[in-house]
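Presented below is the structure to which this report refers.
The values are calculated or read from the model by the stated rules, or taken from the named source; none is laboratory data. All values reported here derive from a predicted model rather than from experimental measurement. Neighbour counts run over all protein chains shown; Cβ positions are idealised from the backbone, glycine included.
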Amino acid sequence: MPLTSITEIRKQEILKAFYQIAMSEGVENSSMAKIAKVLEVQPSLIVHYFKTKEDLVSALIDYCLERYFQIFEEEFSRPGTPSLKIKTLIERLFSKEWNDLFDDGVFYSSYSLVFRDDNIKSKFKILHEGLRKKLSLIIESYLEFNNEDISQADELSNQVFTLVDGSYYYINMLSSKKEQAFHLESAKKLAQTLLKIS
């Protein structure tokens, strides 16, 4: 097996262990030593692949980005009309499936680092801009299919993601699954209204 493959496999193992620890203890309470203990290796092995905890967090955000992009790629390749694709995508954006892609506690713990670390801030900016661009492309295709003005695709994408981000931020404060589902459904309906999805 080529060295790069072994390196990538080992990095993925480390990231998965870091993610599991961060889910139970928070990003701020995770450490190289804890990751090494879970993997039953020496901490020096972790440092060999990730020099600092910030490098680990940065790689974790990349991992998060890949998982989110996967949903968009599935919609791009899904057979059907642009109307069906956008309808399915909006359903998924405001669903448990989207929310479960990446643990909210880990996401927001990592996000808090944007106020202290320019590299992490840049990573989150790339993540959000990338997701908005992917959505914008699907919206543009949908608008063109329906003979609508495609120049509004970027703005509509921003509005939908404002709803997505705000909704998931808010529902984490609600203890009842019923309340959470109600607010997600309301946000989804507003997104469908913005996009004129029937």
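With the structure loaded, tell me whether residue 149 is at pLDDT below 95, surrounded by fewer than 19 Cβ atoms within 10 Å (Cβ to Cβ) and under 21 Å from residue 61 (Cβ atoms) or whether it fails that test. It is false that residue 149 is at pLDDT below 95, surrounded by fewer than 19 Cβ atoms within 10 Å (Cβ to Cβ) and under 21 Å from residue 61 (Cβ atoms). Taken over segment 120-157, the residue count meeting the criterion of being closer than 20 Å to residue 67 by Cα and touching a Leu at 6+ places or on another chain (Cβ under 9 Å) is 12. Listed by position, the helices (runs of 4 or more DSSP H) inside segment 83-196 whose residues that are closer than 20 Å to residue 72 by Cβ, touching a residue at least 40 places away in the same chain (Cβ under 8 Å) and among the aliphatic types (A, V, I, L, M) number at least 2 are 118-145, 153-171, 177-195.
Go over the candidates 172, 147 one by one and state the one that is at positive phi and either out of contact with any Lys or Arg (no Cβ under 6 Å at 6 or more places or on another chain) or among the charged types (D, E, K, R) (or both).
147
Among the helices (runs of 4 or more DSSP H) contained in segment 1-64, which hold 3 or more residues that are more than 24 Å from residue 101 (Cα to Cα), modelled with pLDDT of 90 or more and aromatic (Phe, Trp, Tyr)? Result: empty, no element qualifies. Got at least one residue in segment 68-88 being at pLDDT 90 or above and within 16 Å of the chain's Cα centre (by Cα)? So far as segment 68-88 goes, no, none of its residues is at pLDDT 90 or above and within 16 Å of the chain's Cα centre (by Cα). All of (1) in contact with a helix residue (DSSP H, G or I) (Cβ under 8 Å, 6 or more places away or on another chain); (2) surrounded by 12 or more Cβ atoms within 10 Å (Cβ to Cβ); (3) free of Cβ contacts under 8 Å to residues at least 24 places away in the same chain; (4) of a type outside the set (Phe, Trp, Tyr) hold for residue 37 with one exception: (1).
Scanning segment 82-95 finds one or more residues that are on the phi < 0 side of the Ramachandran plot, of a type in the set (Asp, Glu) and surrounded by fewer than 19 Cβ atoms within 10 Å (Cβ to Cβ). Here residue 157 fulfils each of the conditions (1) within 16 Å of residue 88 (Cα to Cα); (2) more than 17 Å from the chain's Cα centre (by Cα) apart from (2).
When residue 131 is tested against (1) touching a Lys or Arg at 6+ places or on another chain (Cβ under 9 Å); (2) crowded, with 16+ Cβ neighbours inside 10 Å, exactly one condition is not met: (1). Looking across 99, 158, one residue alone is surrounded by 15 or more Cβ atoms within 10 Å (Cβ to Cβ) and touching a helix residue (DSSP H, G or I) at 6+ places or on another chain (Cβ under 9 Å). It is 99.
Quick grid of which residues meet (1) loosely packed, with under 13 Cβ neighbours inside 10 Å; (2) touching a residue at least 12 places away in the same chain (Cβ under 8 Å):
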{"site": "9", "(1), (2)": "yes, no"}
{"site": "15", "(1), (2)": "no, yes"}
{"site": "21", "(1), (2)": "no, yes"}
{"site": "28", "(1), (2)": "yes, yes"}
{"site": "33", "(1), (2)": "yes, no"}
{"site": "42", "(1), (2)": "yes, no"}
{"site": "53", "(1), (2)": "no, yes"}
{"site": "63", "(1), (2)": "no, yes"}
{"site": "71", "(1), (2)": "no, yes"}
